[in-house]
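Scroll down for the structure; my scribbles are underneath it.
The values are calculated or read from the model by the stated rules, or taken from the named source; none is laboratory data. In this text, all values refer to a predicted model and were calculated from it rather than measured experimentally. Here the Cβ positions follow ideal geometry from the backbone for every residue, glycine too, while neighbour counts run over all protein chains shown. To get the accessible areas, we keep the full protein, side chains included, count just its heavy atoms, and leave off ligands, DNA and RNA. Shrake-Rupley method; radii C 1.70, N 1.55, O 1.52, S 1.80 Å.
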Amino acid sequence: MSATGSCAPSRPPPIIEQSLNKAEDARMTAPDPLRPSLSADEIGALRVAVEAAGLGGPGVRYSYVGVREPDKALVRAGGAGGAVPREASALLTDLTAEGGPVLRDVIVTLDATTGVGSVTAVRDVDPAREGWGPTFDEDFATAEAVVKADPAWVDAIARRGITDLDQVRVVALSAGVFGYADEVGRRVFRTLAFWQAHPRDLAWAHPIDGVVAHVDVTSGSILRLIETDVVHVPQESGDYLDPEVRGPLRSTLKPISITQPEGVSFTLDDDVLEWENWRVRLGFNGREGLTLHGLAFRDGERMRPIINRASVSEMVVNYGDPTPTHAWQNYFDVGEYQFGRLANSLELGCDCVGEITYLDAVVADDFGAPTTIRNAVCIHEEDYGILWKHKDDFAGTSETRRQRRIVISFFVTVGNYDYGFYWYLYLDGTIELEAKATGIVFTSGHPGGDYPYATVLAPGLGAPVHQHLFSARLDMAVDGDLNAVDELDVARVASGPGNPWGNAFTRTVTRLATEKAAVRDADPLAGRVWRISSATATNRLGEPTSYVLFPQGAPTLLSSDDSSARARAAFATHHLWVSRYDREQLWAAGRTVNQHPGHAGLPDYIAGDRDIDGQDLVVWHTFGLTHFPRLEDWPIMPVDYAGFTLKPHGFFDRNPTLDVPATESAHCAPGHHAGHAHDEH
């Protein structure tokens with residue numbers, strides 16, 4: 001449908017709707033073992049199986065509920081007739097267990113005929129060594145109640161001029177690990193507070209700085225209260241919807257209407273999307289959100305694989321203010337807060353513009369019950385300017401073709417920040433992921449003067465410097481599962497007999513043969529890129545078919561080498577990691593991130609330094625933003641961008657878009673020429 005409607009939430013958008021988990025009748029149907037998302041029935045069957053195994057109960061909370069994807073070797077072997085089991089996994093936290101919370105990893109097998117589940121594996125997790133699961137909704141209310149009932153905390157807030165606790169918004173944040181012995185094995189949050197003068201007020205504009213409480217949400221107690229110098233609460237409004245703040249709305253923007261009178265060029269059959277030679281299966285889970293599966297390109301009669309599975313595996317937001325109130329701030333938004341469960345319900349004309357198809361997503365809540373996020377994923381086509389163009393004076397031709405891309409996106413809100421993730425597939429075989437960061441910068445009191453670790457946004461209001469670093473997990477399959485990775489750098493050539501004019505330059509090619517050798521960093525001055533090539537397929541010139549990863553080359557994690565953040569977010573210390581495929585190795589910072597002491601995930605995955613030359617491999621790419629907030633980022637931040645591009649490099653035998661027709665327009669119809677420079681006179 002055309003996106004000409006209002007963004008007002010009261011108006012339901014006219015959209016095309018489908019679901020990644022089609023509604024099923026009350027009778028269970030046989031599950032598809034390769035479906036990348038769990039249906040509502042399957043989530044229900046998982047919970048029933050957990051209860052039947054005696055692992056459930058009113059005190060048990062569910063997280064990381066998702067498909068346990070089958071091993072590729074089993075799938076490639078063509079396991080038919082139920083030979084490929086349908087499995088789901090979940091992390092269970094028993095909050096009311098005797099002696100304190102208990103953490104268990106469970107695997108549930110769903111019967112190929114009935115869909116009924118049974119628990120087939122249980123593993124106890126030691127939180128002291130392996131960390132806890134993510135936060136639960138009730139944790140935030142618990143932490144707020146604990147601090148507001150504590151006289152010392154109330155007194156500290158009062159010293160900053162705030163006595164009405166109904167106007168105090170307590171923000172409970174993941175605690176990290178900082179050497180406190182009394183926090184080991186306990187579920188801990190650190191709380192900061194903000195003043196909200198009235199219900200529509202932007203609380204982030206009024207940090208109550210210099211007070212942080214370390215809260216044990218199991219015992220309902222404050223382990224320690226840290227108070228620094230009294231900083232007065234900033235008073236200036238940040239309500240960006242208030243006419244007093246924003247000023248009069250501009251009236252000069254004219255409408256832009258995007259229509260496709262003949263409909264869209266793509267098809268969506270259940271969760272399989274096809275568009276202009278591309279085919280991909282779409283998945284969604286409560287942890288990562290959107291996942292892409294079986295991404296392939298049709299080349300003639302062949303459907304050629306490129307990526308087996310792609311997702312944003314993890315991200316870390318690490319803050320650079322060393323004061324006691326903020327030095328501990330580093331958050332893993334995928335592993336600690338679960339991106340997928342925080343996905344927005346998107347609105348036509350606001351989040352997505354054009355002829356839109358929306359997909360609902362089904363995730364499990366804290367109690368293991370299925371819940372539907374309407375319009376969680378947006379799919380649409382976009383014109384993207386010139387695809388190719390040339391005016392040939394010798395042939396007397398002038399031809400232009402338009403580039404187009406299909407967009408598959410979702411948006412999440414994690415507290416103050418909002419993140420959009422946009423996968424782009426282009427006509428010429430290019431793949432791109434773009435992350436969009438917007439929302440509200442995290443605020444603090446500002447001590448005044450030239451403070452190097454925070455930007456002044458308003459009188460007394462600061463925004464600490466920080467980074468947003470993402471890890472994309474790319475299970476590559478360029479023309480098959482067996483791939484290799486080369487590092488390509490530009491290289492100057494000294495003048496000499498082979499370069500008498502000194503004009504030559506070339507590039508070096510370095511094969512990354514083992515996992516540890518493939519821990520690499522971008523080098524913009526060397527034009528460094530990484531080529532992922534097939535170990536079995538060649539193009540018409542006899543060279544391995546390949547895709548090249550073009551990094552943006554922004555800074556990696558800037559925390560010091562001995563910092564807690566660096567130990568826990570080791571994935572973010574390098575731009576590239578390559579590991580051998582392992583079905584269990586999905587998480588850049590490990591499976592249980594919350595309060596994990598560190599060195600999980602990628603450092604553990606590559607510890608064996610396995611051979612990756614011509615193997616089934618996974619490419620992990622770190623990308624992101626280093627944010628020194630600007631005045632222009634306040635009170636709401638315009639979108640900032642980060643991402644990467646994968647481009648075909650000898651994958652095709654020639655430009656794959658020669659068959660794209662010229663745009664049907666009176667001004668650029670086929671055969672229309674701008675002139676003939678070689679006309680005879």
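What to note about this one:
- The stretch 172-184: number of residues that are of a type in the set (Gly, Ala, Ser) and open to solvent by 40 Å² or more (accessible area, probe 1.4 Å): 2
- Long-range neighbours under 6 Å by Cβ, at least six apart or interchain, first residue without any contact (Cβ under 8 Å) to a residue 40 or more places away in the chain within the stretch 155-177, second open to solvent by less than 20 Å² (accessible area, probe 1.4 Å) and not in a strand (DSSP E or B): Arg169/Ala203; Val170/Val147
- Verdict on Pro555 being open to solvent by 50 Å² or more (accessible area, probe 1.4 Å) and over 26 Å from Gly429 (Cα atoms): yes
- Members of the stretch 378-414 found to be under 28 Å from Phe339 (Cβ atoms) and surrounded by fewer than 17 Cβ atoms within 10 Å (Cβ to Cβ), listed by number: Glu382, Tyr384, Thr413
- Test result for Thr120, open to solvent by 60 Å² or more (accessible area, probe 1.4 Å) and either more than 23 Å from Gly286 (Cα to Cα) or without any contact (Cβ under 8 Å) to a residue 60 or more places away in the chain (or both): yes
- Some residue of the stretch 234-245 being open to solvent by less than 10 Å² (accessible area, probe 1.4 Å), under 25 Å from Leu457 (Cβ atoms), outside any loop (DSSP other than H, G, I, E, B) and among the charged types (D, E, K, R): no
- When residues of the stretch 313-359 are limited to those that are of a type in the set (Phe, Trp, Tyr) and in a loop (DSSP other than H, G, I, E, B), the one surrounded by the fewest Cβ atoms within 10 Å (Cβ to Cβ): Trp328
- The stretch 71-88: number of residues that are at pLDDT 95 or above and open to solvent by 20 Å² or more (accessible area, probe 1.4 Å): 1
- Test: residue in the stretch 266-279 that is more than 19 Å from Lys148 (Cβ to Cβ), outside any loop (DSSP other than H, G, I, E, B), under 31 Å from the mean Cα position of the chain (by Cα) and among the hydroxyl-bearing types (Ser, Thr, Tyr): yes
- Among the residues making up the stretch 534-552, those that are under 30 Å from Arg76 (Cβ atoms) and either surrounded by fewer than 21 Cβ atoms within 10 Å (Cβ to Cβ) or at pLDDT below 95 (or both) are Ala535, Thr536, Ala537, Thr538, Asn539, Arg540, Leu541, Gly542, Glu543, Val548, Phe550.
- Of all residues in the stretch 486-533 being acidic (Asp, Glu) and over 19 Å from His649 (Cβ atoms), the one that is surrounded by the fewest Cβ atoms within 10 Å (Cβ to Cβ): Asp521
- Residue check for Thr109: among the polar types (S, T, N, Q), closer than 30 Å to Val188 by Cβ and modelled with pLDDT of 95 or more: no
- Within the stretch 204-215, not a single residue is surrounded by fewer than 15 Cβ atoms within 10 Å (Cβ to Cβ) and either in a loop (DSSP other than H, G, I, E, B) or in contact with a strand residue (DSSP E or B) (Cβ under 8 Å, 6 or more places away or on another chain) (or both).
- Within the stretch 360-377, not a single residue is among the charged types (D, E, K, R), buried (at least 24 other Cβ atoms within 10 Å of the Cβ) and closer than 22 Å to Glu434 by Cα.
- Qualifying residue in the stretch 23-30 (condition: open to solvent by less than 40 Å² (accessible area, probe 1.4 Å) and either at pLDDT below 95 or acidic (Asp, Glu) (or both)): no
- Of all residues in the stretch 32-70 being part of a helix (DSSP H, G or I), in contact (Cβ under 8 Å) with a residue 40 or more places away in the chain and open to solvent by 50 Å² or more (accessible area, probe 1.4 Å), the one that is farthest from Gly340 (Cα to Cα): Ala52
- Only one entry in Asp609, Asp616 is on the phi < 0 side of the Ramachandran plot and not aromatic (Phe, Trp, Tyr), namely Asp616.
- Being assigned to a loop (DSSP other than H, G, I, E, B) and open to solvent by 20 Å² or more (accessible area, probe 1.4 Å) holds for only one residue in Asp201, Asp229, and it is Asp229.
- Some residue of the stretch 55-68 being farther than 24 Å from Thr218 by Cβ, in contact with a Leu (Cβ under 9 Å, 6 or more places away or on another chain) and modelled with pLDDT of 95 or more: yes
- Within the stretch 137-171, considering residues that are surrounded by 15 or more Cβ atoms within 10 Å (Cβ to Cβ) and of a type in the set (Gly, Ala, Ser), the one nearest to Ala205 (Cα to Cα): Ala156
Condition check ((1) assigned to a helix (DSSP H, G or I); (2) without any contact (Cβ under 8 Å) to a residue 24 or more places away in the chain; (3) of a type in the set (Asp, Glu)) across all residues:
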| residue | (1), (2), (3) |
| --- | --- |
| Asp486 | no, no, yes |
| Ala494 | no, yes, no |
| Asn503 | no, yes, no |
| Thr510 | no, no, no |
| Ala522 | no, no, no |
| Arg531 | no, no, no |
| Ser534 | no, no, no |
| Arg540 | no, no, no |
| Leu549 | no, no, no |
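- Some residue of the stretch 92-110 being among the aliphatic types (A, V, I, L, M), in contact with a strand residue (DSSP E or B) (Cβ under 9 Å, 6 or more places away or on another chain), open to solvent by 60 Å² or more (accessible area, probe 1.4 Å) and under 30 Å from Tyr581 (Cβ atoms): no
- The one condition in (1) in a loop (DSSP other than H, G, I, E, B); (2) closer than 27 Å to Pro127 by Cβ that Phe394 fails to fulfil: (2)
- Any hit, the stretch 364-378, residues being under 17 Å from the mean Cα position of the chain (by Cα), over 29 Å from Ala600 (Cβ atoms) and part of a strand (DSSP E or B): yes
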